[in-house]
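See structure below.
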Amino acid sequence: MNTPKIFESEYRFCLILWEHEPIRSKDLVKLCEEQLGWKSTTTYTVIKRLSQRGVLQNKDTIVTSLVSRDEIQEAEIEELVEKKFQGSLPAFIAAFGRHKRLSDAEVEEIRRIIEG
C-alpha cells in the first residue's frame, strides 16, 4: 500500500489523533480547537478528507488512524530524498551533516541503524 500524502496542517491534526486515539470525533474537535485554533467545521472537513484518502477511519463517531506516524514520516523523507537529492541518501545525509553537528551518540545510533 502506498502511504497517502498528507499536508502540514493535516500532519498537525494527525499528531493529536495519534496521541489520543481511539477518540470520539467530538472530543477530537475540542482538542483541535484548543491546540490548533480550528473551528469544528474545519476539523470535520479534515476528518472526512483524511478518511476518504485512507489515512483514518471514522466509524460510529470513533476516529482511529489507519496510517502510523512512522509510515507518514518515512514517506515524507523518501519524497524529499527523491525530489531534492535525486534519490541519493548519501547526498541527503551529507547536506544534513554540513549544517548540523551530530553528537558521537547520534553518529553511533545512525551507524547501528544502517548496519541493521
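The residues of region 80-114 that are among the acidic types (Asp, Glu), more than 24 Å from LYS5 (Cβ to Cβ) and modelled with pLDDT of 90 or more, listed by number, are ASP104, GLU108, GLU109.
Here's the yes/no breakdown for (1) part of a loop (DSSP other than H, G, I, E, B); (2) among the hydrophobic types (A, V, I, L, M, F, W, C); (3) surrounded by fewer than 16 Cβ atoms within 10 Å (Cβ to Cβ):
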residue	(1), (2), (3)
LYS5	yes, no, yes
LEU17	no, yes, no
LYS26	no, no, yes
LYS30	no, no, yes
GLU34	no, no, yes
TRP38	yes, yes, no
THR42	no, no, no
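The residues of region 44-58 that are outside any helix (DSSP H, G or I) and within 16 Å of TRP18 (Cα to Cα), listed by number, are GLY54, VAL55, LEU56, GLN57, ASN58.
ILE47: β-branched (Val, Ile, Thr), without any contact (Cβ under 8 Å) to a residue 24 or more places away in the chain and in contact with a Ser or Thr (Cβ under 8 Å, 6 or more places away or on another chain), yes or no? So ILE47 passes the test. Can you confirm whether region 16-30 contains a residue that is over 30 Å from PHE92 (Cα atoms), modelled with pLDDT of 95 or more and among the hydroxyl-bearing types (Ser, Thr, Tyr)? Yes, region 16-30 has at least one match. For region 79-95, a residue qualifies if it is loosely packed, with under 11 Cβ neighbours inside 10 Å and in a helix (DSSP H, G or I), and the qualifying residues are LYS83, PRO90.
Can we say VAL67 is assigned to a loop (DSSP other than H, G, I, E, B) and surrounded by 13 or more Cβ atoms within 10 Å (Cβ to Cβ)? So VAL67 passes the test.
The values are calculated or read from the model by the stated rules, or taken from the named source; none is laboratory data. These numbers were taken from a predicted model, which means no experiment stands behind them. Here the Cβ is made from the backbone with ideal geometry for all residues, glycine too, and neighbour counts use every protein chain on show.
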